[in-house]
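The values are calculated or read from the model by the stated rules, or taken from the named source; none is laboratory data. Note that this is a predicted model, so its numbers are computed, not measured. Cβ coordinates were reconstructed from backbone atoms using ideal geometry, including for glycine residues, and neighbour counts include every protein chain displayed.
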Amino acid sequence: MDPISPFILSLPKAELHLHLEGTLTPQTVSELSRKHNTPLPVGNSRYKADERSGNFLSVADVERLYQYKDFVGFLQAFKSIADRLRTPEDYELITYRMMQQLHADGVLHAEVYISAGILHWRGEEFEPFVAGAERGRITGERDFGVSVLWIIDAVRHFGVEEAQRVVETAISLREKYPTIIGIGIGGDESKGPAEQFRRTYAFAKQHGLHLLAHAGESVGPESIWAAINIGAERIGHGLNAGQDPDLVDMLAERQIPIEVCISSNIRTGCCRKLDEHPVKKMFDAGLMVTLNSDDPPMFGTSLAREYQIARDAFGFTDDQLRELARNSFEASFLPAERKMHFFSICDTK
Ligand SMILES: [Zn+2]
């Protein structure tokens, strides 16, 4: 891969769409697999050869696990990684390593999803894991100067009741952990349309949580309308917005931030080819575009790499990249004075 330009690395950036469980490098997954002696997925013939040599995922196994052909395959790989996160100490470790990587990419602030849905589904209490992540965050902030806020994610295809439970958990933990600032719905959009979550979102809002939603990633623009109708303040992906000109006009007029994740869309097959990705069209149409990495090692990317792709494949100029970086702070949930501070550093680059 081409090196990343020094300008991009030094440009102050915020990362607004990143899943903690998706930030594990193959080395870290392999390390955790060894630590917990995790059995390999049952009935998955791709792992037979390695099963004979022991019940661990080697780095090469994880690299294979990170190759998938479609969105469902990606969700399965994501679940398989999350299954290897067993203890609060694991969450502490991966948060710290995530912040180390963010720092290397020139990221100063990140708003990061933690999937409560997956932990609930396993029958785990969520709080000890949040406490672990918080320990990692505090050490990471001290060592790398990166700030992190948390978005608690429900898995939409687990249903409304489960999402309500996730929101109630987020509300109850917020007092103790004020870095919890919002809730989101990720997972399979086709199996969990946003309108189902209207009451849950209204309830979360009443309790002061910000509302996020993945939308228009694997299904069409109607999913983005639905996300906005239930109060989503930013749109995760928004890949298919361009299919509906009225939607594009509304997104531009209201300046609803779009968390664009180019490499993710290509690797999950949600977008067939890089040159078909609408990021530049969205930007030229006046949408508030931000660039994000989603699950960076799972997609062979990093936030700085996404800026480099925007430049190399879509012709974004340095001034336009700076505008994307400014957008990332503008669209964040930071207080106004912190945003102003970050704008002023962007402007000096
Ligand atoms: Zn995502």
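Within segment 223-239, restricting attention to residues that are in contact with a Ser or Thr (Cβ under 9 Å, 6 or more places away or on another chain) and under 13 Å from Leu287 (Cα atoms), the residue that is nearest to the ligand (Cβ to nearest atom) is His237. Among the listed residues Arg174, Arg142, Arg234, Arg165, identify the single one that is within 29 Å of Thr95 (Cα to Cα) and surrounded by 22 or more Cβ atoms within 10 Å (Cβ to Cβ). Result: Arg234 is the single residue among Arg174, Arg142, Arg234, Arg165 that is within 29 Å of Thr95 (Cα to Cα) and surrounded by 22 or more Cβ atoms within 10 Å (Cβ to Cβ). Within the bounds of segment 264-276, is there any residue that is crowded, with 20+ Cβ neighbours inside 10 Å, aliphatic (A, V, I, L, M), modelled with pLDDT of 95 or more and assigned to a helix (DSSP H, G or I)? No, because not a single residue in segment 264-276 is crowded, with 20+ Cβ neighbours inside 10 Å, aliphatic (A, V, I, L, M), modelled with pLDDT of 95 or more and assigned to a helix (DSSP H, G or I).
Take the residues of segment 143-166 that are part of a helix (DSSP H, G or I) and at pLDDT 95 or above: which is nearest to the ligand (Cβ to nearest atom)?
Phe144
Scoring Thr200 on the criteria (1) hydroxyl-bearing (Ser, Thr, Tyr); (2) closer than 22 Å to Asp295 by Cα; (3) in contact (Cβ under 8 Å) with a residue 40 or more places away in the chain; (4) crowded, with 22+ Cβ neighbours inside 10 Å leaves a single failure, condition (2). Would it be correct to say that Ala310 is more than 14 Å from the ligand (Cβ to nearest atom), free of Cβ contacts under 8 Å to residues at least 40 places away in the same chain, small (Gly, Ala, Ser) and assigned to a helix (DSSP H, G or I)? No: the conditions fail for Ala310.
Residues of segment 324-340 being free of Cβ contacts under 8 Å to residues at least 40 places away in the same chain and either surrounded by fewer than 14 Cβ atoms within 10 Å (Cβ to Cβ) or not in a helix (DSSP H, G or I) (or both), which ones? Once the filter is applied, which keeps residues that are free of Cβ contacts under 8 Å to residues at least 40 places away in the same chain and either surrounded by fewer than 14 Cβ atoms within 10 Å (Cβ to Cβ) or not in a helix (DSSP H, G or I) (or both), segment 324-340 yields Pro335, Ala336, Glu337, Met340. Looking across segment 167-194 at every residue that is farther than 30 Å from Gly220 by Cβ and assigned to a loop (DSSP other than H, G, I, E, B), the one that is nearest to the ligand (Cβ to nearest atom) is identified as Thr179.
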